[in-house]
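First the structure, in the form of structure tokens, and then the observations on it.
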Amino acid sequence: MAAYTEASILSLASLDHIRLRAGMYIGRLGNGSQKEDGIYTLFKEVVDNGIDEFIMGHGKSLKISASDKQISIQDQGRGIPLGKLIDCVSKINTGAKYTQDVFHFSVGLNGVGLKAVNALSEIFSVRSVRKKKYHLATFHRGVLQESKQGSTKDPDGTFVSFTPDPSIFPEFTFNHDFLKDKIRQYTYLHSGLEIRFNDEVFISHNGLKDLFDAEITEPPLYSPLFFQNEDLTFIFSHLEGNTERYFSFVNGQETLDGGTHLTAFKEAIVKGVNEFFGKTFVSNDIREGIVGCIAIKIASPIFESQTKNKLGNTQIRSSLIKDVKEAIVQALRKDKVAPELLLEKIKFNEKTRKNIQFIKQDLKSKQKKVHYKIPKLRDCKFHYNDRSLYGEASSIFLTEGESASASILASRNPLTQAVFSLRGKPMNVFSLEETKMYKNDELFYLATALGITQNEIQHLRYNKVILATDADVDGMHIRNLLITFFLKTLLPLVENNHLFILETPLFKVRNKTTTLYYYSEQEKMQALQQFGKKDSSLEITRFKGLGEISPKEFAAFIGPEIRLTPVTITSLESISSILQFYMGKNTKERKQFIMDNLITDF
């Protein structure tokens, strides 16, 4: 190991630090296949500047052009001051948003946004026009390549074009549907703002009302309660289900992880409803089934990270609760229909909760009786709740059918590896009443085998719960059904990193002397090149189900070299909407999504 001396201390330039520690500035990197990937954060950082200009009354539209690899944004704002243009896009902590002199309600307060886009782009160009003068600057991976100034007839505004650096975002591609979803959201939050994206035009005249209508896939139980003033807008109603779903925003920035404003909103709903009815209903009875949106404007937002997903201004909590509560009471007093329907929903939730409490008590007593004779469970000797060294290594494989179970049973380590065999496909619990869910034998035995009840994992018997399903469509469906069950009823299991997916090989490639296994089509094609196409003894086997893998082979796949993919949660707030789309009753919407995104070979 090298000596720790003065020579070990490095001082990095601003943009070098961003490139070296990109995740600190934009969160996850990714390749564009997920909405949370970093290239969409770069897009947002640029658009936010144009939105800030719109908020301040400068310009009514944005023009955005996008290809798979490049995005350009043109606003109609005042233009970045020409003499400071290069500093504003290359020197960290440089900007005009530290005070409220020229930007009142901005999310770009850290002087980082455009610098991060510049640093993480292979090519970054910015052109500012002010009073018939322009300044153009072009960068390559944060290093200035060209700077031009001159006269122009173009109107004031700022133009930014960037191509993310493929060395930081390997094989990235902009998903235009993700971009359009974000653009729609911008228009919902800024009524009257027109955004032109390639050949499409987006504009909203009803703000959060349009967002609410776009996001719910079933009729609300009553007309949404809506309130709006200069600094606060909210809307909410209830659906038939029991899932809470919220959308929260600060100065036009979506806060996926909520924060002070969302916590205050939830509390204010409970206080307002109880005050109106003169009751003390339990908070969950009031909120179950709710869909709500809240957007606030504050002068100096404090976010818990550069990605601005969670608001941390604690000083706004009490006043926000007061304002929202009073607005809810007034809205209910004016509405002749909503109060009665809301009360029916609360009483239904209350009755359901009490029924579930009774069933859970009965469930616990039954679990004690069947603990050592659970059907389809082949247990191991040591368990996680033993709190021993072997207990830390404990795992349980959830398999589909006897065939897959047989292969794992014959090759497992009986000291630390248990197997639970499912009888066909489990129930889709997303839209299921909890009272029915707890009475389902398959799910009852599964919960009992794991040693857990709803959202209680202190007695969890296995450190790793491993989904071992076939690598076909049915296997993927069963996997999704199980993940839905865990996310809806046993969320702490996932939050505490106990849920995994077993990765098994799709192909076995062998010749007279060598046998190798591959986990993807790409790996297999690379292997064929290594083996050589002229090898006449080459044999390729495609595994369709776990039962096709012999116990001898399986021992290697669930031994020390086991490949597991953890099931993780990027955003707690997005769980409900994701489950609603993929596992809800919106079959028509999902079918259309498939048709729109179907890729064929002909």
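Bear in mind that the values in this text are calculations on the coordinates, not laboratory data. As the structure is a computational prediction, the values presented were derived from the model and not from experiment. Virtual Cβ from ideal backbone geometry, glycine too; neighbours counted across all protein chains shown.
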* Structure fact -> Phi angles of region 288-303, converted by Karplus (6.51 cos²θ - 1.76 cosθ + 1.60, θ = phi - 60°) into ³J(HN,Hα) in whole Hz with x for Gly and Pro, give 4, x, 7, 10, x, 10, 9, 9, 10, 10, 9, 6, 9, x, 10, 9
* Structure fact -> Counting only residues 5 or more apart in sequence or on a different chain, those whose built amide H sits under 5 Å from that of Tyr222 are His238
* Structure fact -> Loop-resident trypsin sites (Lys or Arg not before Pro) in region 1-38 with no more than 10 other Cβ atoms inside 10 Å, DSSP not H/G/I/E/B, are Arg21
* For each pair in Lys209/Lys336; Lys35/Lys585; Lys35/Lys425; Lys44/Lys464, compute the distance between the two Cα atoms and list the pairs where it is over 32 Å. => Lys44/Lys464
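For His140 and Ser61, FRET efficiency with R0 = 30 Å and r from the beta-carbon atoms, rounded to 0.05?
Numbers: r = 30 Å, r/R0 = 1.01.
Calculated transfer efficiency: 0.50.
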* What FRET efficiency do you get for Gln458 and Thr587 if R0 is 60 Å and r is their Cβ-Cβ distance, rounded to the nearest 0.05? -> 0.95
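Could you tell me whether the chain comes out rounded, prolate or oblate from its Cα gyration tensor? Rule is a ≥ b ≥ c as square roots of the eigenvalues, rounded for a/c under 1.5, then prolate if a/b exceeds b/c, otherwise oblate.
Values: a/c = 2.08, a/b = 1.23, b/c = 1.69.
Cα axes put the chain in the oblate bin.
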* Structure fact -> Ranking Gln315, Ala555, Leu516 by how far each Cα lies towards the positive end of the charge dipole of the chain (+1 on Lys and Arg Cβ, -1 on Asp and Glu Cβ), the top one is Ala555
* **Subset of Lys266/Lys345; Lys351/Lys436; Lys84/Lys310 violating a 21 Å alpha-carbon distance limit** => Lys84/Lys310
* To do: Could you grab the relative contact order for the chain? Cα pairs under 8 Å, six or more apart, rounded to a whole percent.
  => 9
* Shape of region 190-232, Cα gyration tensor, a/c cut at 1.5 -> oblate
* Set of aspartates and glutamates with alpha-carbon distance to Lys512 below 12 Å, sequence-local pairs under 8 removed -> Asp535, Glu539
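Taking loop as defined by DSSP and a crowding limit of 16 other beta carbons within 10 Å, which trypsin sites (Lys or Arg not before Pro) in region 252-347 fit? Write out the running numbers ahead of the final one.
On the way: sites: Lys266, Lys271, Lys279, Arg287, Lys297, Lys308, Lys310, Arg317, Lys322, Lys325, Arg333, Lys334, Lys336, Lys345, Lys347; in loops: Lys279, Lys297, Lys308, Lys310, Lys336.
Hits after loop and neighbour filter: Lys279, Lys336.
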* Tell me, what HN-Hα J-couplings in whole Hz come from the Karplus equation 6.51 cos²θ - 1.76 cosθ + 1.60 at θ = phi - 60° for each residue of region 510-522, using x for Gly and Pro? -> 8, 10, 5, 10, 9, 10, 10, 10, 9, 9, 7, 4, 5
* Looking only at region 19-37, which residues have a backbone nitrogen under 19 Å from a spot 7 Å from the Cα of Glu503 in the C-beta direction? -> 29-34
* Please go through region 423-488 and write out the GluC sites (Glu not before Pro) that DSSP classes as loop and that have at most 16 other C-beta atoms within 10 Å. => Glu433
* Asked: For region 1-77, what is the charge dipole size about the Cα centre, in debye to the nearest 20, if Lys and Arg each add +1 at the Cβ and Asp and Glu each add -1 at the Cβ?
  -> 200
* In Hz, Karplus ³J(HN,Hα) per residue of region 241-256 (6.51, -1.76, 1.60; θ = phi - 60°; x = Gly, Pro) -> x, 10, 8, 8, 9, 10, 10, 10, 9, 10, 6, x, 9, 6, 9, 4
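I want the antiparallel fraction of DSSP beta bridges within region 208-347, as a percent rounded to 5. Can you show the working numbers first?
Working: 14 of 21 bridges.
If I count the DSSP bridges inside region 208-347, around 65 percent turn out antiparallel.
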* Rounded if a/c is under 1.5, else prolate if a/b beats b/c, else oblate: with a ≥ b ≥ c from the C-alpha gyration tensor eigenvalues square-rooted, which is region 14-202? -> rounded
* Quick one: which residues, 5 or more positions from Lys464 or on another chain, have an amide H under 5 Å from its amide H? H modelled 1.01 Å from N in the peptide plane, none for Pro or chain starts. => Ser395, Ile396
* Structure fact -> The set of residues whose placed amide H lies less than 5 Å from the amide H of Leu62, leaving out same-chain residues fewer than 5 positions away, is Glu194, Ile195, Arg196
* Residue list for region 396-414, given a label point 7 angstrom along the Cα-to-Cβ vector of Tyr519 and an amide N cut-off under 20 Å -> 396-400, 408, 412-413
